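The values are calculated or read from the model by the stated rules, or taken from the named source; none is laboratory data. Because the structure is predicted, anything quoted here is derived from the model rather than measured. As a convention, Cβ positions derive from the backbone with ideal geometry for all residues, glycine included, and neighbour counts pool all protein chains shown. All accessible areas refer to the heavy atoms of the entire protein, side chains included, with ligands and DNA or RNA removed. Shrake-Rupley method; radii C 1.70, N 1.55, O 1.52, S 1.80 Å.
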Amino acid sequence: MDNNQEEKVMNTLKDIQIETSNDSKTSNNKAKKEKEKKKPSSSSDKKTGGGGSKKKEVKKETGLGLTNKKDDNFGEWYSEVVVASEMIEYYDISGCYILRPWTMSIWEIMQTFFDGEIKKMKVKNCYFPVFVSGSALRREEDHIEGFAPEVAWVTKSGDTELDLPIAIRPTSETVMYPYYSKWIRGHRDLPLKLNQWCNVVRWEFSHPTPFIRSREFLWQEGHTAFATKEEADQEVLEILELYRRIYEEFLAIPVVKGKKSELEKFAGGLYTTSVEAFIPNTGRGIQGATSHCLGQNFAKMFDINFENEKGERGMVWQNSWAYSTRTIGVMVMVHSDDKGLVLPPKVASVQVVVVPVPYKDADMQGIFDACTNTVRTLNEAGLRAEEDLRENYSPGWKYSHWEMKGVPVRIEIGPKDMANNQVRVVRRDNSSKIDIPTSNLVEKIKDILDDIQQSLFYAAKQKRDACMKVANTWEEFTTALNEKKLILAPWCDEEEVEKDVKARTKGEMGACKTLCTPFDQPELPEGTLCFASGKPAKKWTYWGRSY
């Protein structure tokens, strides 16, 4: 690492410390760790050379590692992982982050899947301006009230004050719906199904966290209009299922599908459904994505009417739905470890990295050619593979580097491997190693990647399920909350009771609230009482602290 590179890394780590903690010891430890990168130590994992009399060359391990442990200091650990794995770079405006290619490739993979699926549903992509007039934003008071503290306003052009401030979109209902009113006249104009891939700005918060809570983020937002409520209801659930698939099939994260309470639903909407994830290390739930039925509330405000087949006038039924780059932060929190990032194979831009292992007197050009040919074979089979032939880094450094970046599989090729027509395969998720013949390499690597994907999901589900707790009484509820559990409790479904639970649990770690009422409802025995009010319970609902 040259002086400029080291200085850049040092500055980045200082930025992390400034954003997340005032603990000067953390910054000193990080600086010390960076200096130690120049002091490699030997590894006990060695291979023999191609000839029996040749000396083994010792691999060099490095100080490429995290200074914080996931179980000891989760916040600092998370901040280190997203920078050290080259996912984000801190920007000079607090709460704004540079999304590096390693992140964007994950977003693009999810985008390709989701965009293809909604096009099957005849949703079309569009783009609306990022600016919103104040008059449009204020037309729906209930809706904007929920976003008002987060709205950023443009008030000047150069040195000139604007006559009317212009908002930067926090969401696009009030941007798009005046034009829905213009475009929808009769039943033949329905359904209208539009989606846009864009950014939004939400400014007001005190503790920015990369991906999870940032002032600008990427998302998709779908906005649809139908002639009937039945059509709208059906789409809400179809979209929610796509969100479940993104989390469970691509990111290997278990989620609960359910409905939000009246207190927690989207402001101005009829009802909100969501997929909810859980972070065992912090004991917090996290809203993964939402699919809202807006009912006819916005149709009334923006005069979105149509004439049906009988010549009668009616108002449309509308939905909106979105998921964002927050998904990537949830993935990092759930899967990653003290070595760095852990990527599920389906979203990894590099699924396999091939590293040459040099030895004294070995045919290095032959080893390099074997690495290149291996990558070509894997690429031709549809796998995302790259070789690391950099000669200014030791194999040990490369191992640590690619482990930090979370590449699911590492292939090592040395003289012994070439002599035996095999490669050494190392899994990122469990560090297991196996020698595989080159004759059936593609088949074996595909099997290993599939197994990693499933193993990550099952491991995450086991950890999540171990944190679930059923609470029937207030005492059981508070005990579980203090143990950082995801709590399933019988509830009377009264808003005042929910507000009371929030008030009674408010503390340094934040108040507890409803996360969702799961669609998959356990049996509710007759006579079951609400854990908080003692009134007859109407449903089972998940509760917990959340991001």
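Shown here: the range 158-279, whose C-alpha atoms stretch 51, 47, 29 Å along the first, second and third principal axes, sorted largest to smallest. Between Gln296 and Asp451, what FRET efficiency comes out of the Förster formula 1/(1 + (r/R0)^6) with R0 = 41 Å and r the beta carbon distance, rounded to 0.05? Using R0 = 41 Å, I get an efficiency of 0.25.
Taking every DSSP bridge with both residues inside the chain, close to 80 percent are antiparallel. With bins 5 Å wide beginning at 0, the percent of Cα pairs of the range 74-335 falling in each bin runs 1, 6, 12, 16, 18, 17, 13, 9, 5, 2, 1, 0, 0.
Residue by residue, the range 148-157 carries 3J(HN,Hα) couplings of 3, x, 9, 6, 9, 10, 8, 10, 9, 10 Hz when phi is fed to the Karplus relation 6.51 cos²θ - 1.76 cosθ + 1.60 (θ = phi - 60°); x denotes Gly or Pro. Just the protein heavy atoms count here, and of the accessible area of the range 74-335 at 1.4 Å, carbon and sulfur take up 50 percent.
Per residue of the chain, the DSSP helices (runs of n ≥ 4 H) give a summed -39500 (n - 2.57) that works out to -11000 deg cm²/dmol at 222 nm. Computed in the context of the full set of protein chains, the accessible area of the range 471-545 at 1.4 Å probe radius has 47% of its extent on carbon or sulfur. Taking 0.36 nm per residue of sequence separation and removing the Cα-Cα distance, the Lys535/Asp361 pair yields an extension gain of 54.6 nm. Highest mean packing comes first when the peptides 274-285, 94-105 are listed by Cβ atoms within 10 Å, giving 274-285, 94-105. Where the alpha-carbon atoms of the chain are placed on the principal axes, they occupy 91, 54, 54 Å, in descending order. Label-to-label distance, Arg376 versus Glu309, with points set 7 angstrom from Cα along the beta-carbon direction: 6.2 nm.
Computed from Cα atoms, the angle from the helix 495-505 axis to the main principal axis of the chain rounds to 40 degrees.
With Cα atoms defining each centre, the range 333-368 and the range 370-446 are spaced 6 Å apart in the structure. What the Cβ-Cβ distance of His187 and Glu238 gives, at R0 = 22 Å and to the nearest 0.05, is a FRET efficiency of 0.55. Compute the angle between helix 326-335 and the longest alpha-carbon principal axis of the chain, please, reported from 0 to 90 degrees and rounded to the nearest 10. It is inclined by approximately 50 degrees. Determine the alpha carbon to alpha carbon distance for each of Lys405/Lys433; Lys461/Lys506; Lys257/Lys538 and list only those over 21 Å. Listed pairs above 21 Å: Lys461/Lys506. Among the cysteines of the chain, Cys96, Cys126, Cys198, Cys293, Cys371, Cys467, Cys512, Cys516 have no other cysteine beta carbon within less than 4.7 Å of their own. Near the amide H of Val423, within less than 5 Å, lie the amide hydrogens of Ile436, Thr438, all on another chain or at least 5 residues away, with H placed in the peptide plane. A simple rule links phi to the HN-Hα coupling: the Karplus curve 6.51 cos²θ - 1.76 cosθ + 1.60 with θ = phi - 60°, which for the range 260-274 gives 6, 6, 4, 6, 9, 6, 4, 4, x, x, 7, 7, 10, 10, 8 Hz, with x for Gly and Pro. Backbone geometry of the range 122-128 corresponds, through the Karplus equation with coefficients 6.51, -1.76 and 1.60 at θ = phi - 60°, to 3J(HN,Hα) couplings of 6, 8, 10, 7, 8, 8, 10 Hz, x marking Gly and Pro.
Descending by average beta-carbon neighbour count within 10 Å, the peptides 385-392, 430-437, 174-181 line up as 174-181, 385-392, 430-437, the highest first. Label-to-label distance for Ser135 and Asp500 is 4.6 nm, based on points extended 7 Å past Cα in the beta-carbon direction. For Val354, nonlocal amide neighbours, meaning residues 5 or more places apart or on other chains whose placed amide H falls under 5 Å from its own, are Glu386, Glu387, Asp388, Ile411. Residues in the range 218-345 average 29 Å² of solvent-accessible surface per residue, probe 1.4 Å, ligands and nucleic acids excluded.
Taking the average, over residues, of other Cβ atoms within 10 Å as the packing measure, peptides 404-417, 154-167 rank 404-417, 154-167 from highest down. Remark: C-alpha extents of the range 217-292 on the principal axes read 45, 28, 24 Å, sorted largest to smallest. Structural descriptor for the chain: relative contact order 14 percent, calculated from alpha carbon pairs under 8 angstrom and at least 6 residues apart. Which residues in the range 270-285 place their backbone N less than 19 Å from a point set 7 Å from the Cα of Gln521 along the Cα-to-Cβ direction? Within reach of a label on Gln521: 271-276.
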